[in-house]
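The structure appears right after this line, and notes come after that.
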Amino acid sequence: MLAYDSMGLIVQMVRKSEQMLKYIPQEIESKWQQRWAQDRLYEVNENDTRPKWYELTMFPYTSGDLHIGHWYAMAPSDVHARFKRMKGYNVLHPMGFDAFGLPAENAAISRGIHPFTWTMDNVERMRSQLKSIGAIYDWRREVITCLPDYYKWTQWFFLKLYEAGLAYRGKAPVNWCPKCQTVLANEQVMGEGLCERCDSAVIRKELEQWFFRITAYAEELLDFSHIQWPERIKTMQKNWIGKSQGVEIAFGLEDGLAEGAGSSQQEFRVFTTRPDTIYGVTFAVFAPEHPLVEQFTTAEHKDEVMHYVDRARHQSDIERTAMGRDKSGVFTGSYAINKLNGERIPIWIADYVLMSYGTGAVMAVPAHDERDFEFAKRFNIPIKVVIAPPDWSGKELSEAYVEPGLMVNSGQFDGLPSEQGMEAIADFITEKGYGGRQTTYRLRDWLISRQRYWGAPIPVVYCDRCGLVPVPAEELPVLLPEDAEFRPTGESPLKYCETFVNTTCPKCKNAARRETDTMDTFLCSSWYFLRYSSADYKDAPFDGTKLKYWLPVDQYTGGAEHATMHLLYARFFIKALRDLGIVDFDEPFTRLFNQGIIVTEGKKMSKSRGRVINPDEYVAELGADAVRAYLMFVGPWDQGGEWDDRGLNGIARWLNRIWFLVLRAYTEDEPKETEIKNLRHTTHKTIKRVSEDLEKFRFNTMIAALMELTNYLGKVHEEGSVTSSDFGEAIDTLLLLLAPTAPHFTEELWTRSGHPYSIHNQPFPEWDEGLVAEEEFTLVIQVNGKLRDRVTVPVTITEEEARELALSRERIKTYLKNGECSRIIYVPRRLVNIIIA
RNA sequence: GCCGAGGUGGCGGAACCGGUAGACGCGAGGGACUUAAAAUCCCUUGGGUGUUUAGCCCGUGCGGGUUCGAGUCCCGCCCUCGGCACCA
């Protein structure tokens, strides 16, 4: 036995030598990354006996540097993919770049760099940053959407959809900046309806553009029964598609008022979800841009109406529909006839009616619609109650009554509850031939035209003789000209690029002009996940055999901000391809998980506010593994989290403790059976927790479980209370459980502790339910629902024993003195609650 | 306004199906080691009270309710974040 003093000295010396053993990530991370790449450890192929698992992360836009938000998306999904890999799946987890789009063009305009150069420089930088994550990306499959090898097929898909009648040209009002000569996305229109680039007033302009007929799939897109997606996202898509059922009904136009062009129309149609209120119609309203407006406006109102229409056209959608705005409108001088009661009602135009929804005209029922009520009040139009509110005395309403009720003032339908009235009137209208039941969607067709350079050119030619001619597939790709000029005006460079515009007609070989619009980048991202299956395939967008093997995507992860755009477009695209016989599945992404956003100082990171965390310096200092683990620890992945360097230090300390634990010699000191049993129990419980957490993306609690195991093993190490082999087994388990999270760190420790390379080819540990099972539990004893005592008891305890034990406890007895025990509640494996009156 | 998510210590967050609130980590305080600092290790850490290793009271945004028992369920509010915006 050593004396205490010298014992202390030895401990000191050991501690000192440990410091020399310190975990230095810089020495191991690049080493293993190189080794894995050299050994093609993560390259995957189709000839594999394991079941396939396609785990996809939304590819990043090539905006510049990768920031911590990218890591927050990439690292946890890689952990999940690695977990699946260790669980015995043949895992495809690819990476690529969404490379077309506005920012590249803006950089070109403001800094004189060609968009291609700007984008590819960003790709280079982002790729090397991505490599530092230590993910299992199979880089042979990289996809970059702005390369001709890729966009050739984007164009090919366009042609396919065109042939199928799913792509068409049409006019659509858009946000148009007269100065920039470009269409603006809603988000590019600033508050007052000004262009974000040049501050000019944005107007609404009718432009001839290309559309995809996504509305043809509206009904099928509402069916989520074959995919496992978050409720949140499904609800958002449902609301976005906005199905509503009602009736379309014709109103007559009063004769003799129309003056305009020859064949004047005798009626018009409106859509309503409330046919039960049709007797309460006191006016009709048309959208200002409705084509009939000109026809039925009377001479004396012409000036006023034209003025209003013109004003509406100069307002953006945003401005026009801004909340809290007073209703505006003008009377046209014409009247319509309500066919059900023969009443004559004035026709107005107002900008609260949208041309893009329903028929562009509404029957207004001020008594039972808030907007119509407001409008009627403003212009002194009668308000006629046809659905009686409860306890209605026949008085005027102070606000619209929109709830169901009994029908009044409705002719033969009086007395019917409004729900029945809807059906009765719908039937009546159908019988009389006035109209019929109709389903309407809020969803509009997908506008894919962009008046910009940096996108895939729409492969179409306009010929004076042959008209619109699609470019034959063999002539693809229609290449973007390299020599386009970027003028600060923001005008579409293609329009002014003679060498691009001037071409020959594929049909008649005479001079013709190319379409100068390019395609929305959401098109590129609607099929990139197909390309990963065979990224270098030359004869088609993908190799059919490989596609069949990998697709659909088993697990997709990405931000919830894509709920109604990318995720909906991709679903549509796949359904369209399926109907064209190009793919044989219905949905692109079987499972979906949305991660939250990582914030600093409680706010979203934004480049403009200088609040962006760059991961590089943290990776350089503490290692990618620490950053990976930290990002998963900050909070539930779907809720995002707060970036705090101090928390990152905590993770680094934890990894250090594991480092010592594994490499420091273990000495047995009288191993005890109970301790060995306890060790196995704890280890297996952790395997279970970690496996279940990983499966469900609950990364934060998974890390906590591993920390607990580490702390426990630390104690065991100090006490030497189990055999060396038992301890070694537990350490191996810890490393295996940690391997998906900290791939470099665990590979180093795995090989250092004498195991053959590579830990990542090891199966994930399995737990033994028998070892997980508890032998004891803490029985809680409550009196009147308040915790008063607890005892550790065997799980085999019977109710009778538990009751007796509870009542026999000294502490409980003191409570029993104060009153009669009226009842005892026993919850197995939990508690005894004694009720004292 | 509507839809969705959320509100728990000084902070990030745990808590299965209604059953021990605060796991795990950060931060803070104290101690050990050190000439010193860093690093590391140990102890304490929701608030109050107390005879200070017992015990008791309060406590999960606010107000009610259901229940033997509520962070969890119900009703009514308040606040934060994300999305959508006159959809007939």
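Which of the residues that make up segment A:100-129 are part of a helix (DSSP H, G or I) and open to solvent by less than 30 Å² (accessible area, probe 1.4 Å)? Reasoning before the result, please.
So in segment A:100-129, the residues part of a helix (DSSP H, G or I) come out as A:102-111, A:115-129.
Once the filter is applied, which keeps residues that are part of a helix (DSSP H, G or I) and open to solvent by less than 30 Å² (accessible area, probe 1.4 Å), segment A:100-129 yields A:Ala104, A:Glu105, A:Ala107, A:Ala108, A:Pro115, A:Trp118, A:Thr119, A:Asn122, A:Val123, A:Met126, A:Gln129.
Each residue in segment A:30-54 was checked for being open to solvent by less than 50 Å² (accessible area, probe 1.4 Å) and among the basic types (Lys, Arg), and 1 of them qualify. Applying the condition of being touching a helix residue (DSSP H, G or I) at 6+ places or on another chain (Cβ under 8 Å) and closer than 20 Å to A:Ile448 by Cβ to segment A:502-516 and asking which residue is most open to solvent (accessible area, probe 1.4 Å) yields A:Arg513. Taking A:Thr521, is it crowded, with 19+ Cβ neighbours inside 10 Å and either at negative phi or out of contact with any strand residue (DSSP E or B) (no Cβ under 8 Å at 6 or more places or on another chain) (or both)? Criteria met by A:Thr521. Within segment A:197-217, the set of residues being within 16 Å of RNA strand B (Cβ to nearest atom) and either free of Cβ contacts under 8 Å to residues at least 24 places away in the same chain or surrounded by 18 or more Cβ atoms within 10 Å (Cβ to Cβ) (or both) comprises A:Val202, A:Arg204, A:Ile214.
Just checking, does segment A:395-405 include any residue being more than 14 Å from RNA strand B (Cβ to nearest atom), in a loop (DSSP other than H, G, I, E, B), buried (at least 19 other Cβ atoms within 10 Å of the Cβ) and small (Gly, Ala, Ser)? Checked segment A:395-405: at least one residue is more than 14 Å from RNA strand B (Cβ to nearest atom), in a loop (DSSP other than H, G, I, E, B), buried (at least 19 other Cβ atoms within 10 Å of the Cβ) and small (Gly, Ala, Ser).
Inspect segment A:222-238 for any residue being modelled with pLDDT of 85 or more, open to solvent by 70 Å² or more (accessible area, probe 1.4 Å), away from RNA strand B (no atom under 16 Å from the Cβ) and under 30 Å from A:Thr297 (Cβ atoms) and give the result as yes or no. Scanning segment A:222-238, I find no residue that is modelled with pLDDT of 85 or more, open to solvent by 70 Å² or more (accessible area, probe 1.4 Å), away from RNA strand B (no atom under 16 Å from the Cβ) and under 30 Å from A:Thr297 (Cβ atoms), so the answer is no.
All conditions but one from (1) surrounded by fewer than 20 Cβ atoms within 10 Å (Cβ to Cβ); (2) within 13 Å of RNA strand B (Cβ to nearest atom); (3) closer than 14 Å to A:Ala665 by Cα apply to A:Gly720; the one that does not is (2).
Out of segment A:532-560, which residues are aromatic (Phe, Trp, Tyr) and either buried (at least 20 other Cβ atoms within 10 Å of the Cβ) or closer than 20 Å to A:Thr145 by Cα (or both)?
Of all residues in segment A:532-560, those aromatic (Phe, Trp, Tyr) come to A:532, A:537, A:542, A:549-550, A:556.
Passing the criteria: A:Tyr532, A:Tyr537, A:Phe542, A:Trp550, A:Tyr556.
Tell me, please, whether a residue that is small (Gly, Ala, Ser) and touching an Asp or Glu at 6+ places or on another chain (Cβ under 6 Å) can be found in segment A:829-837. Checked segment A:829-837: at least one residue is small (Gly, Ala, Ser) and touching an Asp or Glu at 6+ places or on another chain (Cβ under 6 Å). Filtering segment A:755-777 to residues that are assigned to a helix (DSSP H, G or I), at pLDDT 95 or above and open to solvent by 70 Å² or more (accessible area, probe 1.4 Å) leaves only A:Asn761. Checking A:Pro382, A:Pro366 one by one, the residue that is open to solvent by 80 Å² or more (accessible area, probe 1.4 Å), within 23 Å of A:Ala284 (Cβ to Cβ) and touching a residue at least 60 places away in the same chain (Cβ under 8 Å) is A:Pro382 and no other. Residue count for segment A:130-149 satisfying the condition of being in a helix (DSSP H, G or I) and open to solvent by 10 Å² or more (accessible area, probe 1.4 Å): 7.
So which residues in segment A:115-138 are free of Cβ contacts under 8 Å to residues at least 60 places away in the same chain and aromatic (Phe, Trp, Tyr)? Result: A:Trp118, single match.
Considering only segment A:699-754, how many residues are among the small types (Gly, Ala, Ser), closer than 29 Å to A:Pro636 by Cα and in a helix (DSSP H, G or I)?
The total comes to 4.
Between a first residue in segment A:426-453 that is over 12 Å from A:Ile249 (Cα atoms) and a second residue that is assigned to a strand (DSSP E or B) and open to solvent by 70 Å² or more (accessible area, probe 1.4 Å), which pairs have beta carbons less than 6 Å apart while being 6 or more apart in sequence or on different chains? Matching pairs, first to second residue: A:Thr439/A:Gln245; A:Tyr441/A:Lys243.
Contact map, segment A:643-654: first residue under 14 Å from A:Leu706 (Cα atoms), second residue within 6 Å of RNA strand B (Cβ to nearest atom), Cβ cut-off under 9 Å, separation 6 or more or different chains; pairs are A:Trp654/A:Met707.
Looking across A:Trp446, A:Trp454, one residue alone is under 30 Å from A:Pro477 (Cβ atoms) and either small (Gly, Ala, Ser) or away from RNA strand B (no atom under 16 Å from the Cβ) (or both). It is A:Trp454. Taken over segment A:319-338, residues that are at pLDDT 90 or above, open to solvent by 40 Å² or more (accessible area, probe 1.4 Å) and not hydrophobic (A, V, I, L, M, F, W, C) amount to 1. Taking A:Ile687, is it aliphatic (A, V, I, L, M) and near RNA strand B (Cβ under 7 Å from one of its atoms)? Criteria not met by A:Ile687.
With the requirement that a residue be modelled with pLDDT under 85 and either open to solvent by less than 40 Å² (accessible area, probe 1.4 Å) or within 14 Å of RNA strand B (Cβ to nearest atom) (or both), what does segment A:609-628 give you?
Taking segment A:609-628 and keeping what is modelled with pLDDT under 85, we get A:609-613.
Scanning segment A:609-628 gives A:Arg609, A:Arg611, A:Ile613.
In the set A:Gly455, A:Gly433, A:Gly421, which member is open to solvent by 50 Å² or more (accessible area, probe 1.4 Å) and at pLDDT 90 or above? Can you show your working first?
On the way: A:Gly455 fails: open to solvent by 50 Å² or more (accessible area, probe 1.4 Å); A:Gly421 fails: open to solvent by 50 Å² or more (accessible area, probe 1.4 Å).
Of A:Gly455, A:Gly433, A:Gly421, the one residue that is open to solvent by 50 Å² or more (accessible area, probe 1.4 Å) and at pLDDT 90 or above is A:Gly433.
Where residues in segment A:785-800 are within 49 Å of the chain's Cα centre (by Cα) and not in a strand (DSSP E or B), which of them is farthest from RNA strand B (Cβ to nearest atom)? So the residue we want is A:Thr796.
Each residue in segment A:809-824 was checked for being open to solvent by 50 Å² or more (accessible area, probe 1.4 Å) and within 11 Å of A:Ile781 (Cβ to Cβ), and 3 of them qualify. Sub-7 Å Cβ pairs linking a first residue in segment A:227-252 that is within 30 Å of A:Ala364 (Cβ to Cβ) and touching a residue at least 40 places away in the same chain (Cβ under 8 Å) to a second residue that is of a type in the set (Phe, Trp, Tyr) and within 6 Å of RNA strand B (Cβ to nearest atom), at least 6 apart or interchain, are A:Gly246/A:Phe271; A:Glu248/A:Phe271, ordered by first then second residue. Among residues of segment A:468-482 that are over 19 Å from A:Pro493 (Cα atoms), those with a beta-carbon under 7 Å from a residue that is charged (D, E, K, R) at least six positions away or on a different chain give the pairs A:Val469/A:Lys507; A:Leu476/A:Lys152.
Checking each residue in segment A:567-591 for being open to solvent by less than 10 Å² (accessible area, probe 1.4 Å) and in a helix (DSSP H, G or I) picks out A:Leu567, A:Leu568, A:Ala570, A:Arg571, A:Phe572, A:Phe573, A:Ile574, A:Lys575, A:Ala576, A:Leu577.
The listed residues are A:Leu648, A:Leu679, A:Leu663, A:Leu631, and the only one of them that is within 15 Å of RNA strand B (Cβ to nearest atom) and either open to solvent by 80 Å² or more (accessible area, probe 1.4 Å) or under 21 Å from A:Trp750 (Cα atoms) (or both) turns out to be A:Leu663.
The values are calculated or read from the model by the stated rules, or taken from the named source; none is laboratory data. Here the structure is a predicted model, which means the values were calculated and not measured. Because the Cβ atoms are built from the backbone with ideal geometry, glycine has one as well, and the counts that use them run over all protein chains shown. Surface areas here come from the heavy atoms of the whole protein model, side chains and all, with no ligands, DNA or RNA. Shrake-Rupley method; radii C 1.70, N 1.55, O 1.52, S 1.80 Å.
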